[in-house]
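The values are calculated or read from the model by the stated rules, or taken from the named source; none is laboratory data. In this text, all values refer to a predicted model and were calculated from it rather than measured experimentally. Counting neighbours? That spans all protein chains shown, and the Cβs are built from the backbone with ideal geometry, glycine included. Surface accessibility is based on the protein's heavy atoms, side chains included, excluding ligands, DNA and RNA. Shrake-Rupley method; radii C 1.70, N 1.55, O 1.52, S 1.80 Å.
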Amino acid sequence: VQLQASGGGLVQAGGSLRLSCAASGRTFSDYHMGWFRQAPGKEREFVAAIRQSGGITTYAVSVKGRFIISRDNAKNTVYLQMNSLKPEDMAVYYCAARPGGLSLNYNYRSWGQWGQGTLVTVSS
């Protein structure tokens with residue numbers, strides 16, 4: 001599956017952004033979808049994931065209550081609604097796909113398909 005992320009940009013602290021990730025090439029609903037982020041000098045980290053059916057979501061502690069992951073299987077798209085953004089949320093955000101037959105895994109090395117990344121800049 002090929003992934004194309006979009007929606008990043010510059011926002012003030014406390015603001016909101018919505019990221020989108022459009023998938024193509026394979027059956028989107030066969031995959032769990034996730035968002036990860038990587039800040040300069042840091043390792044890529046898990047942000048949120050949603051199971052292939054869309055019924056179960058999971059979040060990193062640092063974003064729980066502020067970010068919402070969702071998917072529209074009819075549109076082959078996964079979203080990340082980011083609210084109450086903080087300067088520490090600033091990073092390149094990547095969407096990723098993992099076959100639905102596997103368990104969810106929060107280690108980025110376990111996700112095989114990646115989008116190109118979209119930069120989120122949060123000004124204080």
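Points to keep in mind about this one:
- Checking every one of the trypsin sites (Lys or Arg not before Pro) in segment 1-51 against DSSP loop status and a limit of 16 other Cβ atoms within 10 Å picks out Arg26, Lys42.
- Fully extending the segment from Ala60 to Ser6 would add 17.4 nm, taking 0.36 nm per residue of separation and subtracting the current Cα-Cα distance.
- Within a Gaussian network of the chain (alpha carbon springs, distance under 10 Å), most fluctuating of Gly41, Gly112, Gly65: Gly41
- Carbon/sulfur fraction of accessible area - the chain, other protein chains in place, 1.4 Å, %: 47
- Around Glu43: net Lys/Arg minus Asp/Glu count, Cβ-Cβ under 13 Å: +3
- Distance between the modelled labels on Ser84 and Leu119, one decimal in nanometres: 2.8 nm (7 Å Cα→Cβ projection).
- Pair-distance profile P(r), taking every C-alpha pair of the chain, with 10 angstrom steps and integer %: 15, 50, 30, 5, 0
- The charge dipole of the chain, taken about its Cα centre with unit charges on the Cβ atoms of Lys, Arg (+1), Asp and Glu (-1) only, comes to about 100 debye.
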